[in-house]
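> Got a structure for you, questions after.
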Amino acid sequence: MEIKYWDQDIETISRDRLEALQLERLKKTVSQALKTDFYGGKLPERGIKSADDLKSLDDLRNLPFTTKNDLRESYPYGMLAVDRSEVVRMHASSGTTGTPTTIYLTADDLAACTDITTRSVVATGAESGDVFQNMMTYGLFTGGIVLHYGAENLGMMVIPASSGNTERQFRMMKDFQTSIIHATPSYMLYLHSRMADFGIDPAQLNLKKAYVGAEPHSEDVRRKIERLWGIDVYNSYGLSEMNGPGLAFECVHKDAMHVWEDAYIMEIINPDTLEPLPDGEEGELVLTILHRDAMPLIRYRTRDLTRIIPGQCACGRTHRRLARMKGRTDDMLIINGVNVFPSQIEEVIMRMPEVGTNYLIVVQKAGPLDKLIVKTEITRESMTDDTRDLYNLKQRIVEHLRASITIKPVVELHEQGALPVSEGKAKRVLDEREEN
Ligand code: DLL
């Protein structure tokens, strides 16, 4: 198998040199962090008053963790380490409380981010002649634009298709002879299920690869997409807080995802004791970003469960790999790639006076896509015989929810007392999706 590198020197760097580079960049990160309102108070409490207080990589363990809630509380600029005029890019994702979390990049940060995303796509064998149809959503979400930059940097022809509009997606695939797609795994399955409806014959297409990520999926789903489409499918993991896709990507061997360790320090911790775990053991992934002056993040708790794969990959890259994500430690749902916290839904419906006290969130598979159903009881007074009133109420709930969580749920109205009441801790979420 031919192995291609974007930057062979850094991708095959010795562990000693890599760790020396990590320490140097960690110091820079800490000195940037000390300039922020958030870390400016926290780090000195731990005895870190300047970057020189860090003597080795082991000292990372003395630094505090950072959580999504910290980001939310620092909104909008509490974690900014540079003058606002130096920021060239921001991204945001919605949060449990409706307060978004934002990240910021300087021009240098963006260049570093683009460089590693280019490395990621090259690791899959992509080259400048490829036609890259990017079906991840463009906008505040990192999924679309971040990989766009990496693909463009390599010299691929990028089609900034964004998500949705299946008919147009097929048409572009056919007309432009797309060779690589970037999409959620569920959308890849959905697209395939609609092929015949749009009269698409696979022989008209030139598809070779797909990069799938942004939501959990099993090895079986990967194989299914590969089989249905007759292509190679690569798992890609990332999160907005860490610049999105590109952070962990499979290479041509498709044997777990390389994390670019000159740009991120990864740790696996026991989520209960917060103690670091050795390579090979499963726990929560914690990341420190090493190449972001505008908004350093130290020991960020991703809530994702995985393990570091011991040993080196056959591709020759020395950067260690992460296993496919096992799940999350919190209750965040990922519905068609969109992150949704049950509390966001609760907040919206409970604000409406017609809504009663009990509700249930059900997530199901609808073909290859996910379907969100919000079942809610309404008060006796609101349960009229006038179907038009009920219809209007339902529509209002749908619209309020869509405005908050960006996806359109199916809303069911129920009489008071109709939904199951659990003894003890209420079970508000029924995730009925299967693994594949
Ligand atoms: O989903 C970034 C991304 C875009 C990754 C495109 C890959 C491709 P967020 O919206 O912040 O960012 O969601 C991050 O999604 O903490 C995981 O729980 C989940 N996730 C992302 N990729 C994978 C994956 C983007 N390959 C959250 N497997 C993360 C499992 C994934 N879960």
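> Gain in length, ARG194 to ALA323, computed as 0.36 nm per residue apart minus the alpha-carbon separation, to one decimal in nm?
Details: separation 129, 0.36 × 129 = 46.44 nm, distance 3.12 nm.
That works out to 43.3 nm of additional length.
> Let me ask something additional. Summing Lys, Arg as +1 and Asp, Glu as -1, what charge do residues with Cβ under 12 Å from the Cβ of THR29 carry, THR29 excluded? Numbers along the way, then the final one.
Working: positive: ARG25, LYS27, LYS28, LYS35, ARG292, ARG299; negative: GLU24, ASP109, ASP293.
Neighbourhood net charge equals +3.
> What percent antiparallel are the DSSP beta bridges of the chain, to the nearest 5? Walk me through the intermediate numbers first.
On the way: 41 of 65 bridges.
Expressed as a percentage, antiparallel bridges in the chain total about 65.
> Next question. Of LYS427, LYS209, which has the most accessible area with a 1.4 Å probe, and how do the rest follow in descending order?
Values: LYS427 130, LYS209 30 Å².
Greatest to least solvent exposure: LYS427, LYS209.
> Would you kindly find the accessible area of LEU140, with a 1.4 Å probe and non-protein molecules such as ligands, DNA and RNA excluded, rounding to the nearest 10 Å²?
Taking all protein chains as shown, LEU140 has close to 100 Å².
> Another question, then. Working with all protein chains in place, sort THR12, THR184, THR357 by solvent-accessible area computed with a 1.4 Å probe, largest first.
Of THR12, THR184, THR357, the descending order of accessible area is THR357, THR12, THR184.
> OK, next. Any idea what the dipole of the range 1-329 comes to, in debye rounded to 20, about its Cα centre with Lys/Arg Cβ at +1 and Asp/Glu Cβ at -1?
Numbers: 39 positive and 46 negative charges, 114 e Å.
My answer is approximately 540 debye.
> Just add up the charged neighbours of HIS258: K/R +1, D/E -1, any other residue whose Cβ is under 9 Å from the Cβ of HIS258.
Result for the local shell: +1.
> Could you give the dipole magnitude of the range 168-216 about its Cα centre, charging the beta-carbon of Lys and Arg +1 and that of Asp and Glu -1, in debye to the nearest 20?
120 debye
> Something else now. Considering only protein heavy atoms and a 1.4 Å probe, what is the carbon-and-sulfur percentage of the accessible area of the range 333-435?
48 percent
> Hey, another quick one. Run the reach check for LYS55 against aspartates and glutamates, Cα to Cα strictly under 20 Å, same-chain hits fewer than 8 apart removed. What comes back?
ASP16, GLU19, GLU24, GLU45, GLU261, ASP262, GLU267
> Ok, one more. Need one value: the accessible area of LEU34 in square angstrom, 1.4 angstrom probe, rounded to the nearest 10.
40 Å²
> Hey, another quick one. Which log10 I(q)/I(0) values, to two decimals, does the chain give at q = 0.05, 0.07 Å⁻¹ under the Debye formula with one point per Cα?
-0.19, -0.37
> Can you sort ILE334, ILE397 by solvent-accessible area, 1.4 Å probe, largest first?
ILE334, ILE397
> Roll a 1.4 angstrom probe over the protein heavy atoms and tell me the percent of accessible area of the range 10-100 that is carbon or sulfur.
Of all accessible area on the range 10-100, carbon and sulfur atoms account for 46 percent.
> Also, quick follow-up: Name the residue farthest towards the positive end of the dipole of the chain from the options PRO100, MET173, LEU401, assuming +1 on Cβ of Lys and Arg, -1 on Cβ of Asp and Glu, about the Cα centre.
MET173
> Ignoring everything except DSSP H segments at least 4 long, calculate the 222 nm mean residue ellipticity for the chain; use -39,500 (n - 2.57) per segment, divide by total residues, nearest 500.
Numbers: 11 runs with 127 residues, N = 436.
Counting only the DSSP helices, I get -9000 deg cm²/dmol.
> Stokes-Einstein at 10 °C, 1.306 mPa s, Kirkwood radius from Cα pairs: D for the range 1-95 in µm² s⁻¹? Could the numbers behind the result be given before it?
Working: Rh = 15.7 Å.
Stokes-Einstein gives a translational diffusion coefficient of 101 µm²/s.
> Using +1 at the C-beta of Lys and Arg and -1 at the C-beta of Asp and Glu, which of MET383, MET352, VAL429 has the Cα lying farthest in the positive direction of the dipole of the chain?
MET383
> Any idea of the accessible area per residue across the range 1-329, 1.4 Å probe, to the nearest Å²?
40 Å²
The values are calculated or read from the model by the stated rules, or taken from the named source; none is laboratory data. Keep in mind it's a predicted model, so treat the numbers as computed, not measured. For neighbour counting, all protein chains shown are included, and Cβ atoms are generated from backbone atoms with ideal geometry for every residue, glycine included. For accessibility, only protein heavy atoms count, side chains too; no ligands or nucleic acids. Shrake-Rupley method; radii C 1.70, N 1.55, O 1.52, S 1.80 Å.
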